[in-house]
Amino acid sequence: LKPISFTIWTDASSGAAGLKIGAKNIEETVYWPPELNGIEGDPIMLKEAYAVLYTLRNYGHILKNSRVKFQQDNKAVSCSFEHGSKNSPALNNYIRNIQEEASRWNIAMEMEWVPTHLQEADEASRAIDSKEAVFKTSEFKLVEELLGWSFTVDAFANPDNRKCKNYISLRDTADNWA
């Protein structure tokens, strides 16, 4: 087995997820996208699993062909990654999606539980940042209608909240324009 290429911390709270990729100096707060329909009320284990999945979907292009250790502070997620969950089909779905996304990028993964005081993504999961406000799709369409325009580029987006196929993001993603 080749050595660990990246250590990644992921965490979740009621309002957001956080991630930190130390070797790349990446730290991000991820607000729950509207498509997740009420994830704020879901069990924390599902939010924690989503944080891992989000990281792979949005940074897999940076992590490809490597060995990655995810560190997170939810034992249900850590144990389910290795053995599956007897009690949560929803968590098993997240774990399957995580493994499929890792396979897509040829990433060998480890999932390790760490106590909260060693969780380096904790602060990012609790941050509130007005730069990440989500513009509802219905409001976006109303603006287009009122102006008589059809936007082709969303200049203030990330992969989860973009309103156009083409978008500009604060952070480097696999398919953003800038």
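The values are calculated or read from the model by the stated rules, or taken from the named source; none is laboratory data. What you see is a predicted model, and the numbers here were worked out from it, not measured in a lab. Glycine gets a Cβ as well: all are built from the backbone with ideal geometry, and neighbour counts include every protein chain shown. Keep in mind that these areas ignore ligands, DNA and RNA; they rest on the heavy atoms of the full protein, side chains included. Shrake-Rupley method; radii C 1.70, N 1.55, O 1.52, S 1.80 Å.
Of all residues in the range 59-77, those satisfying the criterion of being under 23 Å from GLY22 (Cα atoms) and open to solvent by 10 Å² or more (accessible area, probe 1.4 Å) are HIS61, ILE62, LYS64, ASN65, ARG67, LYS69, GLN71, ASP73, ASN74, LYS75.
Restricting the search to helices (runs of 4 or more DSSP H) fully inside the range 72-178 and requiring at least 2 residues that are at pLDDT 90 or above and within 26 Å of PHE6 (Cβ to Cβ) gives 75-83, 89-104.
Go through the range 37-63 and give me each residue that's out of contact with any helix residue (DSSP H, G or I) (no Cβ under 9 Å at 6 or more places or on another chain) and at pLDDT 90 or above.
Going residue by residue through the range 37-63, those that are out of contact with any helix residue (DSSP H, G or I) (no Cβ under 9 Å at 6 or more places or on another chain) are 37-38, 41, 54, 58, 61.
TYR54, ASN58, HIS61, listed by residue number.
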